[in-house]
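Inspection log for the structure reproduced underneath, given as structure tokens.
The values are calculated or read from the model by the stated rules, or taken from the named source; none is laboratory data. None of the values given here were measured: they were computed from a predicted structure. Here the Cβ is made from the backbone with ideal geometry for all residues, glycine too, and neighbour counts use every protein chain on show. Note: accessible area is taken over every heavy atom of the protein model, side chains too, but ligands, DNA and RNA are not part of it. Shrake-Rupley method; radii C 1.70, N 1.55, O 1.52, S 1.80 Å.
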Amino acid sequence: MVRIIDRRFDSKNKSAVNRQRFMRRFKQQIRKAVSEALHGRSIRDLDNGEQISIPARDLSEPSLHHGKGGIWEQVFPGNDQFSTGDRIKRPLGGGGDGSGKGKASNEGEHEDDFVFQLSREEFLDLFFEDLELPRMIRTQLAKVTDYKTQRAGFKSDGTPANINIIRSMRGALGRRLALGSPYAVRIRELQQELDEALARFGEDSDEVRALREELAGLRAKVERIPFIDSFDLRYNNRIKVPRPTTQAVMFCVMDVSGSMDEERKAMGKRFFMLLYLFLTRSYEHIEVVFIRHHTVAKEVDEDEFFHSRESGGTVVSSALVLMRDILRERYANGQWNVYGAQASDGDNWDNDSPICGRLLGNEILPWCQYFAYVEITAGEPQNLWREYAKLEADHDNFAMQRIESPADIYPVFRELFKKTIA
């Protein structure tokens, strides 16, 4: 049997087309795998790809076949437990003698999960998808690179403003010496012969006149060599290079009191990830300081920051005091760009909120390039929000926004870090 496959509408880059078709078809499974991978991923690893595994059962093709029609009865031999109308209980998991994944067997087989690698761009696309990130902004966030110009030697063409006078004059002098050196040797020889002829024959002899004419001709040739030529001009060469390493420290402050459930912590983690990814576009070396607090604040590593189950009441000032002390001890030498982000549900002891306002306004914001406060709550603004609102008018490096659902994270992030028109 002859089979004809029409491939006229296929692109030359069939592999990329097939990959996109595959990702569209299994989008739900891939998104679920990315979401699961995100929970176990480090903030510093956000800007990389991801290895995704899709269960083999989700890749199976649907099959259609004819079933039995009409009404029919079937008798199974060996039935000594059930009568007509009885409900058959579900078999307990793991109690059968099958040869699936969970039970060793000397017969039977199954398919492994399908595993493939997501590129960095594909992972960022899926990560930002549920945040409603516009395509233009997503491209800029993933592709923008900052450069600066620096001197890189000399070149033979350019604008007059870039002429290097010393290099050009040095080249002109070398050219004149190279072109005039053969004449200089002959001029010295003729001068010596002229002196000898004057001593022997006198001023009016034919030999003296011939030597004088030849000597004058050679000197005229030397004088006709240009003092400077366009060939001698040299221009400063400038090239674009990546901006040299600059340092930034990012403070992540999160409330882990009893009112901050896992969903709110997950939204806080996404916001911190966005901030870290944003800072990596401007700084090559970034240190991250994690501070978690309930009634007591402490500096922790990333794993404990997001996954520790410790909780309690809420005293926000303890975290701000710890951040102030760390700033003074490690980053007060003027060589660090300081950024801070605080995530909380806004609930705090009433007597503690004024202390937080004074700490943030007088002892932290003067050191920061930018500080963002995000309140993760769906209700009315809490007392901490009302206290922080007093600082917003007097400090242009401080901003605050509210997040109610995961879809609000990126719009809030964009509002916090939007460009200001001077």
Under 10 Å, Cβ to Cβ, from Phe290 - net charge with Lys/Arg +1 and Asp/Glu -1: -3
Placed amide H near Thr295: partners under 5 Å, 5+ positions off or other chain: Gly313, Val315
Candidate residues His293, His395: accessible-area rank, largest first, probe 1.4 Å: His395, His293
Accessible-area order (highest first, 1.4 angstrom probe) of the listed residues Glu380, Glu284: Glu380, Glu284
Antiparallel %, DSSP beta bridges [both residues in the stretch 187-336], to 5: 30
The stretch 18-24 - phi-based ³J(HN,Hα) in whole Hz, Karplus 6.51/-1.76/1.60, Gly and Pro as x: 5, 5, 5, 5, 4, 5, 5
³J(HN,Hα), Karplus 6.51/-1.76/1.60, whole Hz, each residue of the stretch 288-300, x for Gly, Pro: 10, 10, 9, 10, 10, 8, 10, 7, 10, 9, 8, 7, 9
Amide N proximity, the stretch 207-238 versus Gln192 label position 7 Å along Cα-to-Cβ, cut-off under 20 Å: 207-219
Descending semi-axes in whole angstrom, ellipsoid equivalent of the stretch 301-411, from the Cα gyration tensor: 22, 18, 16
Part-to-part distance (alpha-carbon centres) for the stretch 184-231 and the stretch 374-416, which is given in Å: 90
Cβ charges +1 (Lys, Arg) and -1 (Asp, Glu), total dipole of the stretch 141-296, debye: 1060
Label point 7 Å beyond Cα of Glu223 along Cβ direction - residues of the stretch 164-187 with amide nitrogen under 19 Å: 176-177, 179-187
Cα centre as origin, Lys/Arg/Asp/Glu Cβ charges: the stretch 212-301 dipole, Debye: 300
Extreme residue, positive dipole direction of the stretch 343-422, given options Ile355, Phe417, Leu391 (C-beta unit charges): Phe417
The stretch 206-291: equivalent-ellipsoid semi-axes (sqrt of 5 x gyration tensor eigenvalues, Cα, Å): 82, 10, 5
Cα-based shape type of the stretch 172-328, given that a ≥ b ≥ c are square roots of the gyration tensor eigenvalues and the cut on a/c is 1.5: prolate
Difference of contour (0.36 nm per residue) and Cα-Cα distance, Arg31 to Glu284: 88.1 nm
Rg/Rh (Cα only; Kirkwood hydrodynamic radius) as it applies to the stretch 165-237: 1.22
Dipole of the stretch 189-239, positive direction: furthest Cα of Ile239, Val208, Gln191, with charges on the beta-carbon: Ile239
Point-charge dipole on Cβ atoms (K/R +1, D/E -1) for the stretch 302-410, about Cα centre, debye to 20: 360
Accessible-area value, Ser259, 1.4 Å probe, nucleic acids and ligands omitted, Å²: 40
The stretch 262-299: trypsin sites (Lys or Arg not before Pro) falling in loop per DSSP and having at most 14 other Cβ within 10 Å: Arg281
Amide H within-cut-off set for Asn337, under 5 Å, with H built and near neighbours excluded: Gln247, Ala248, Val249
